[in-house]
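The values are calculated or read from the model by the stated rules, or taken from the named source; none is laboratory data. From a predicted model like this one, the values you see are computed outputs, not experimental measurements. FYI the Cβ positions are ideal-geometry reconstructions off the backbone, even for glycines, and counts take in every protein chain you see.
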Amino acid sequence: MTVALMWEARAAEGRGPELLAWARGRRPAGRPLRHEVFAAPDDRVLVITWWPGGYAAEVPELPEPPGELVRRAVHRWRFESLGPVVAPEGSGAGEVG
């Protein structure tokens with residue numbers, strides 16, 4: 001089983017690059033299976049970490065960034081992997097055309 005933690009923040013006006021640098025400079029305690037940082041319009045930053053274990057596993061979370069960097073409180077979600085999706089043959093799923 002794998003659990004993914006999602007951490008999303010929106011930067012205060014004009015602070016997008018600083019929030020992104022702050023998030024990129026943080027490493028979760030422990031050793032996640034995978035750790036990625038994403039950016040989106042409106043100065044939003046998303047960090048996803050994947051950990052061994054199920055939904056209720058105790059895994060480290062990223063902290064709150066300094067208040068002056070964010071427009072609102074950080075949003076956090078937790079998801080448990082249900083495994084890869086295998087498309088039926090001939091369905092066209094997964095094909096690039």
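Go over the candidates GLU36, GLU68, GLU13 one by one and state the one that is closer than 23 Å to VAL3 by Cβ, exposed (fewer than 14 other Cβ atoms within 10 Å of the Cβ), among the acidic types (Asp, Glu) and modelled with pLDDT of 95 or more. Walk me through it before giving the result.
Values: GLU68 fails: closer than 23 Å to VAL3 by Cβ; GLU13 fails: closer than 23 Å to VAL3 by Cβ.
The conditions single out GLU36.
Quick one: which residue in LEU33, LEU46, LEU20 is farther than 28 Å from GLY83 by Cα and aliphatic (A, V, I, L, M)?
Step by step, each of LEU33, LEU46, LEU20 is checked, and only LEU20 is farther than 28 Å from GLY83 by Cα and aliphatic (A, V, I, L, M).
How many residues are surrounded by fewer than 17 Cβ atoms within 10 Å (Cβ to Cβ) and in contact (Cβ under 8 Å) with a residue 24 or more places away in the chain when one looks only at region 39-49?
Of the residues in region 39-49, the ones surrounded by fewer than 17 Cβ atoms within 10 Å (Cβ to Cβ) are 39-42, 46.
When the remaining residues are screened for being in contact (Cβ under 8 Å) with a residue 24 or more places away in the chain, the result is 42, 46.
Counting residues in region 39-49 that are surrounded by fewer than 17 Cβ atoms within 10 Å (Cβ to Cβ) and in contact (Cβ under 8 Å) with a residue 24 or more places away in the chain gives 2.
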